[in-house]
Amino acid sequence: MDELMWSVARTSGMISLLLLTGTLLVGIMARSGRAFGGLSRYTQSLLHRSFSLLCVIFVMLHVLSLLADSYAKMQIIDIFVPFLGDYRPFWQGLGTVSFLLMIAIALTGLLRRHLGQRVFRGIHLTAYLMWPIAVAHGLGTGTDAGTLWYRIVTVISIGLVLAAAIWRLTANYLDHSATRRLAREGVKL
Amino acid sequence: MSAELEIDWTRCQGRGLCIELLAADLTSDPWGYPSARRADGHQSGTVILAEDQREAANEAVKMCPLSALKLRTSAHQ
Ligand code: HEM
Ligand code: SF4
């Protein structure tokens, strides 16, 4: 039973990383306001929501299977309070921190019409903090962190998110940024 | 009965999602913001939608990334 739970935990952890990276990439894509490749803005928004909710589901599976695996020595409180664990408390704590942030980001994302835009944006932007914490958690405490394929997946994820984040910071990131710049400068179209 | 789309211009940042979903009634201005496609499509700051656009409009209201849209049902034509 422990063996099974352990492999469920590792697999769901890995899938969570992929989904989280995908969520971030599509979120950055959607924020630019561009139709991207064949993806309409609407499709991007739907994909962003679906990836993130799937990610939450896999993270829950990840946490529950570790609870059930007696070797992980996890208590219910470790899900909600970081750094109390018995097994690699620091790295496990990073997992708890990213889990709590993810729940907050996803919930306020779903409820954004009932919150102010400021509250939504403020909490949503912590995604850029949460992603590296989750990646560090996987590298620090994952059983598979030492394997070649886990490293390859992690390095590719980091590369893609870094590239997207740099693009996010460039002047022409937003669709119509050139014409809007002209408008701010008072040029009539 | 017709539906009117109310766009909160203090919120909208012209991300274009509603223009995609409501292509029959909305078009993009040069800066990427939505505007009524038909000349008579405006009414006191709102955009009048064709009757069969209600479902698409609901979806746009739900998915607008800036929560800038509201749907109003009005009795006049
Ligand atoms: C694991 C959970 C999630 C993560 C990590 C995440 C991450 C992101 C990121 C990185 C961005 C780009 C933000 C920027 O650079 O300004 C973004 C944008 C956005 N996300 Fe999420 N997100 C999550 C869940 C959700 C959910 C559940 C919704 C609800 C529908 C949502 C709705 C949005 C919206 C509306 C935008 C803004 C798009 C725009 O302003 O055009 N997100 N997200
Ligand atoms: S979807 Fe929202 S933000 Fe985008 S153009 Fe329409 S009203 Fe503006």
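The values are calculated or read from the model by the stated rules, or taken from the named source; none is laboratory data. Only a predicted model underlies this, so the values are computations on that prediction, with no experimental measurement involved. Every residue, glycine among them, receives a Cβ derived from its backbone with ideal geometry; neighbour counts consider all protein chains shown. All accessible areas refer to the heavy atoms of the entire protein, side chains included, with ligands and DNA or RNA removed. Shrake-Rupley method; radii C 1.70, N 1.55, O 1.52, S 1.80 Å.
Scanning the range A:101-114 for residues that are away from ligand 2 (no atom under 16 Å from the Cβ) and either touching a Phe, Trp or Tyr at 6+ places or on another chain (Cβ under 7 Å) or within 14 Å of another protein chain (Cβ to nearest Cβ) (or both) yields A:Thr108, A:Leu110, A:Leu111, A:His114. Looking across the range A:127-143, the residues that are out of contact with any Ser or Thr (no Cβ under 8 Å at 6 or more places or on another chain) and either open to solvent by 40 Å² or more (accessible area, probe 1.4 Å) or of a type in the set (Asp, Glu) (or both) come down to A:Tyr128, A:Leu129, A:Pro132, A:Thr143.
Of everything in the range B:2-39 that's of a type in the set (Ser, Thr, Tyr) and assigned to a loop (DSSP other than H, G, I, E, B), which residue is nearest to A:Arg34 (Cα to Cα)? Before the answer, list the steps.
At the first step, the residues of the range B:2-39 found to be of a type in the set (Ser, Thr, Tyr) are B:2, B:10, B:27-28, B:33, B:35.
Narrowing further to those that are assigned to a loop (DSSP other than H, G, I, E, B): B:10, B:33.
Values: B:Thr10: 21, B:Tyr33: 13 Å.
Within the range B:2-39, the match that is nearest to A:Arg34 (Cα to Cα) is B:Tyr33.
In the range A:144-159, the condition of being in contact with a Phe, Trp or Tyr (Cβ under 9 Å, 6 or more places away or on another chain), open to solvent by 20 Å² or more (accessible area, probe 1.4 Å), at pLDDT 95 or above and part of a helix (DSSP H, G or I) is met by no residue. In the range B:1-26, the qualifying residues are those that are open to solvent by 30 Å² or more (accessible area, probe 1.4 Å) and more than 14 Å from chain A (Cβ to nearest Cβ), and the one that is nearest to the chain's Cα centre (by Cα) is B:Ala24.
Scanning the range B:42-77 for residues that are assigned to a strand (DSSP E or B), modelled with pLDDT under 85 and either within 16 Å of ligand 2 (Cβ to nearest atom) or open to solvent by 40 Å² or more (accessible area, probe 1.4 Å) (or both) yields B:His42, B:Gln43, B:Thr73.
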